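Student: Handing you a structure now.
The values are calculated or read from the model by the stated rules, or taken from the named source; none is laboratory data. Note that the structure is a prediction, hence the values are computed from the model and not measured. Cβ placement follows ideal geometry from the backbone for every residue including glycine, while neighbour counts extend to all protein chains displayed. Just so you know, the surface numbers come from the protein's heavy atoms only, side chains and all, with ligands and any DNA or RNA stripped out. Shrake-Rupley method; radii C 1.70, N 1.55, O 1.52, S 1.80 Å.
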Amino acid sequence: MSLSFFGRSLLTLLDYSPEEIRYLLDLSKKVKAESKSGKVFRRFEGKTLALLFEKRSTRTRCAFETAFGEEGGHPVFLSNADIQLGAKESLEDTARVLGRMFSAIQFRGFKQETAEILARYSQVPVYNGLTDLYHPTQALADLMTLEENFGDAKGKTLCFTGDGRNNVARSLMIICAKMGTNFTVITPGELNPDDELRKKCAALAQASGAVIKVTPDIAEVKGADALYTDVWASMGEENKKKERVRLLSPYQVNQRLMNMTENNGTIFLHCLPAVKGEEVTEDVIEGPQSRAWDEAENRKHTIKAIMLATLTKIN
Ligand code: CP
Ligand code: NVA
């Protein structure tokens, strides 16, 4: 089967088939091996990338900027203090202008709709580098990290404990449902992922064989191959912090919870940044089961893979 990526955006991961995700993961591994070999490539020479950030970032910005720049591309960082992003000029007009000057656009911000409008009006690939609803490039790096540890992530069980309705949990649910990885969201009922997404993922899981569960019961970590958590209050939700601490304290990933998997091989994942002492204890994130730093590195390889696939004639 021939796959076609050229010119496409990455907005949610719902827009990519399991075969396409498979291809991107394999390409990410190839890109990682290339980077370790020290060989220099210039596959983005003559290309430009706009990096639009309404929210802060360390990993996503640095992954896009270094992956693109080291292959000869020219990335331009633009925070919303620098450009008109719906202020003084419509978003549609900004998108049209950016599309005339850049080969592609990365957007990190609040509304998913902004990423979608940018894609529609710029006519160049738009990569969602995190919105309130989705974090698709993170989920690709997470699957890659699972595969590095287990060979194959199909049939393995990933448990996410914490804010079950946040962008990271939602994107993990999508990629696991598509790729046949069992996914359990352990969260208090108030923070359940929405029904619409759960229905979509249930249908995807039927096709892949994944088991997707949502439960408030932390005992459900039993047997998990990986425990994953994320901050209790995402960017833009800082005013909910007190309430989240109350709701999510019982869901902290600590050594006791790691032991409750009753699986010696369980690994710990976190998208980072982490608030140590809240969603995860220092001993777990710094301990031998943690793969958080490999996971952070894999952001760069997966991001390079998606840009190679959509901007060059590699596939
Ligand atoms: N995981 C992640 O997206 O990190 P940043 O917020 O630092 O980009
Ligand atoms: N859920 C977090 C992820 C950060 C990478 C946030 O949106 O702040």
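Student: How many percent of the accessible area of the chain is carbon or sulfur, using a 1.4 Å probe?
Tutor: Ligands and nucleic acids excluded, carbon and sulfur reach 51 percent.
Student: While we're on this one: In µm²/s, what is D for the stretch 266-315 at 25 °C and 0.890 mPa s, where D = kT/(6 pi eta Rh) by Stokes-Einstein and Rh is the Kirkwood radius from Cα pairs?
Tutor: The Stokes-Einstein estimate is 196 µm²/s.
Student: Determine the calculated [θ] at 222 nm for the chain from helices alone, applying -39500 (n - 2.57) to every DSSP H run no shorter than 4 residues and normalising by the residue count; nearest 500 deg cm²/dmol.
Tutor: -13000 deg cm²/dmol
Student: Continuing with the same structure: Calculate one ³J(HN,Hα) per residue across the stretch 245-259 by plugging θ = phi - 60° into the Karplus curve 6.51 cos²θ - 1.76 cosθ + 1.60, and present them in order as whole Hz with x for glycine and proline.
Tutor: Calculated HN-Hα couplings, in order: 4, 5, 6, 9, 3, x, 9, 4, 8, 10, 5, 4, 5, 4, 5 Hz.
Student: Whole angstrom only: what separates the Cα centroid of the stretch 8-80 from the Cα centroid of the stretch 158-174?
Tutor: Using only Cα atoms, the two centres lie 23 Å from each other.
Student: How would you rank 206-216, 173-183, highest first, on the average number of other Cβ atoms within 10 Å across their residues?
Tutor: So the order, starting with the most tightly packed, is 173-183, 206-216.
Student: What dipole magnitude, in Debye to the nearest 20, does the chain give about its Cα centre under +1 on Lys/Arg Cβ and -1 on Asp/Glu Cβ?
Tutor: Charge dipole, the chain, about its Cα centre: 660 debye, nearest 20.
Student: Find the accessible area per residue for the chain; the probe is 1.4 Å, ligands and nucleic acids are left out, and the unit is Å².
Tutor: Each residue of the chain exposes 42 Å² on average to a 1.4 Å probe.
Student: Also, I was wondering about something else. Could you rank K222, K276 by how accessible they are, 1.4 Å probe, largest area first?
Tutor: Largest accessible area first, the residues go K222, K276.
Student: Counting only the heavy atoms of the protein chains, how much of E148 is accessible to a 1.4 Å probe, in Å² to the nearest 10?
Tutor: Looks like 80 Å² after rounding.
Student: Among L13, L78, what's the order by accessible area (1.4 angstrom probe), most exposed first?
Tutor: Order by accessible area, largest first: L78, L13.
Student: Once you sort the root eigenvalues of the Cα gyration tensor of the stretch 57-166 as a ≥ b ≥ c, which label holds: rounded (a/c under 1.5), prolate (a/b larger than b/c) or oblate (the other case)?
Tutor: Verdict is prolate for the stretch 57-166.
Student: Once you treat every alpha carbon in the chain as an equal point and sum by Debye, what is log10 I(q)/I(0) at q = 0.10, 0.12 Å⁻¹?
Tutor: Scattering profile of the chain, log10 relative to I(0): -0.54, -0.79.
Student: Same structure, new question: Which sequence of D142, D225, D93 reflects their accessible areas, 1.4 Å probe, from the largest down?
Tutor: Result of the area sort, largest leading: D93, D225, D142.
Student: Over 20 Å between Cα atoms, which of K55/K111; K88/K240; K47/K313; K29/K55 qualify?
Tutor: Result: K88/K240; K29/K55 exceed 20 Å.
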